[in-house]
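Q: Submitted below is the structure of interest, expressed as structure tokens.
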Amino acid sequence: MKSSSLAFIGLIKKARAIVVGDALMAAIRAQKVFLVLISTGASPRTHKQLADKSTFYRIPVMVVDVTTGIFHLGEKTVAALGITQRSMADHLIDEEMREAYAKEAGSTSQQ
């Protein structure tokens, strides 16, 4: 994840457009979340539950390295968070897709 994506997640946090904890699963069921970010440090059970529920409701999921620091909310660290504003979620997805495309294009030009 690029530093600009990390900065944008910081903006999302300040906008209070995130859901964490038990409220995250309820928000997924209610389809009030537009992107789910799961930490690499999340337990396999948590990862599977969130990924399966998000897939069922057709909500995109991104797995993010725990060392990025985006999962630290004050003194509490969470395993996953959901983004509740569609425009912010779409922006983050677009940025990550551009980064993935650039990596792919770079690796094919070196062959």
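Q: Within the stretch 26-46, take every residue that is open to solvent by less than 40 Å² (accessible area, probe 1.4 Å) and among the hydrophobic types (A, V, I, L, M, F, W, C) and give me the one that is nearest to the chain's Cα centre (by Cα). Talk me through it step by step, then tell me what you get.
A: The first filter runs over the stretch 26-46 and keeps only residues open to solvent by less than 40 Å² (accessible area, probe 1.4 Å), leaving 27-28, 33, 35-39, 42.
Restricting the remaining residues to those that are among the hydrophobic types (A, V, I, L, M, F, W, C) gives 27-28, 33, 35-38, 42.
Numbers: Ala27: 14, Ile28: 13, Val33: 11, Leu35: 6, Val36: 4, Leu37: 2, Ile38: 6, Ala42: 13 Å.
Looking at the filtered set, the residue picked out is Leu37.
Q: Could you check, for the stretch 49-56, whether at least one of its residues is under 12 Å from the mean Cα position of the chain (by Cα) and in contact (Cβ under 8 Å) with a residue 24 or more places away in the chain?
A: Start the filter on the stretch 49-56 by keeping residues that are under 12 Å from the mean Cα position of the chain (by Cα), which leaves 50-51, 54.
Adding the requirement that they be in contact (Cβ under 8 Å) with a residue 24 or more places away in the chain leaves 50, 54.
There is at least one residue in the stretch 49-56 that is under 12 Å from the mean Cα position of the chain (by Cα) and in contact (Cβ under 8 Å) with a residue 24 or more places away in the chain.
Q: Run Ser43 past the list (1) closer than 21 Å to Leu6 by Cα; (2) touching a residue at least 12 places away in the same chain (Cβ under 8 Å) and report the number of the one that doesn't hold.
A: With respect to (1) closer than 21 Å to Leu6 by Cα; (2) touching a residue at least 12 places away in the same chain (Cβ under 8 Å), Ser43 is out only on (1).
Q: Identify all residues within the stretch 58-79 that are open to solvent by 60 Å² or more (accessible area, probe 1.4 Å) and either modelled with pLDDT of 95 or more or of a type in the set (Ser, Thr, Tyr) (or both); write none if there are none.
A: Within the stretch 58-79, the subset open to solvent by 60 Å² or more (accessible area, probe 1.4 Å) is 58, 63, 65, 67, 72, 74-77.
Once the filter is applied, which keeps residues that are open to solvent by 60 Å² or more (accessible area, probe 1.4 Å) and either modelled with pLDDT of 95 or more or of a type in the set (Ser, Thr, Tyr) (or both), the stretch 58-79 yields Arg58, Thr67, Thr77.
Q: Hey, any hits in the stretch 95-104 for a residue that's surrounded by 11 or more Cβ atoms within 10 Å (Cβ to Cβ), touching a strand residue (DSSP E or B) at 6+ places or on another chain (Cβ under 9 Å) and assigned to a helix (DSSP H, G or I)?
A: First, pick out the residues of the stretch 95-104 that are surrounded by 11 or more Cβ atoms within 10 Å (Cβ to Cβ): 95-96, 98-99, 102.
Next cut, touching a strand residue (DSSP E or B) at 6+ places or on another chain (Cβ under 9 Å) only: 96.
In the following step, the residues that additionally are assigned to a helix (DSSP H, G or I) were identified as 96.
Among the residues of the stretch 95-104, at least one is surrounded by 11 or more Cβ atoms within 10 Å (Cβ to Cβ), touching a strand residue (DSSP E or B) at 6+ places or on another chain (Cβ under 9 Å) and assigned to a helix (DSSP H, G or I), which makes the answer yes.
The values are calculated or read from the model by the stated rules, or taken from the named source; none is laboratory data. Computed from a predicted model, the values in this text were never measured in an experiment. Cβ: placed from backbone, ideal geometry, glycine included. Neighbour counts: every protein chain shown. The accessibility values were calculated without ligands, DNA or RNA, using every heavy atom of the protein model including side chains. Shrake-Rupley method; radii C 1.70, N 1.55, O 1.52, S 1.80 Å.
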